[in-house]
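Remarks on the structure that follows.
Laboratory data are not the source of any read-out in this text; all were calculated from the coordinates shown. All values reported here derive from a predicted model rather than from experimental measurement. Neighbour counts are summed over all protein chains in view; Cβ atoms, including those assigned to glycine, are modelled from backbone coordinates with ideal geometry.
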Amino acid sequence: MNLEQLQAHVWRRLPLGKFMVGRQTADDLVQLTVENWEAEYLNHARDDAARQAVCGSILASVKRGHQLARGQEPQEYGFVWAFLLQMLAWSVIQILLKWWQERASNRVWLVTMQAELTR
């Protein structure tokens, strides 16, 4: 699997709000999530509460990365837009978490993609 295939996988599973932000923004959020994936922490998370705490940290990194990529400050986003982006980013993270947990090979794919994107 490559990044484009993973982006398509996530796109198919996102809620309807995806159409309000568009495919490119959703793909950007997937890429940012992969770049900021905290594999070591997720590997050591013992329960769902610990995994969700790690996901919260990933969300914060994705939000910062998206703002930097767009060249906007947090106050430049409108409330609705910020809420929609946060909801969509959280959905991306949850979809990737489920995919991550399904198979060991998915974990290897994600870590490999992350290494390629962050070199």
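Which of these, S61, S105, S91, has the largest mean-square fluctuation under a Gaussian network model of the chain (Cα springs below 10 Å)?
S105
For the residue pair L16 and A53, what label-to-label distance in nm results when each label sits 7 Å from Cα along the Cα-to-beta-carbon direction?
Inter-label distance under the simple model: 3.7 nm.
In whole Hz, with x marking every Gly and Pro, tabulate ³J(HN,Hα) for segment 20-31 from phi via Karplus 6.51 cos²θ - 1.76 cosθ + 1.60, θ = phi - 60°.
Along segment 20-31, the couplings run 6, 9, x, 5, 4, 5, 4, 4, 4, 5, 5, 4 Hz.
Quick check on the chain: helices-only [θ] at 222 nm, where DSSP H runs of length 4 and up contribute -39,500 (n - 2.57) each and the sum goes over total residues. Nearest 500, please.
-25500 deg cm²/dmol
Just to be sure I understand the model, the point goes 7 Å from the Cα along the line to the Cβ. What's the resulting N2 to F83 distance in nm?
3.9 nm
Dipole size in debye (nearest 20) for the chain around its Cα centre, Lys and Arg Cβ +1, Asp and Glu Cβ -1?
Computed charge dipole of the chain: roughly 260 debye.
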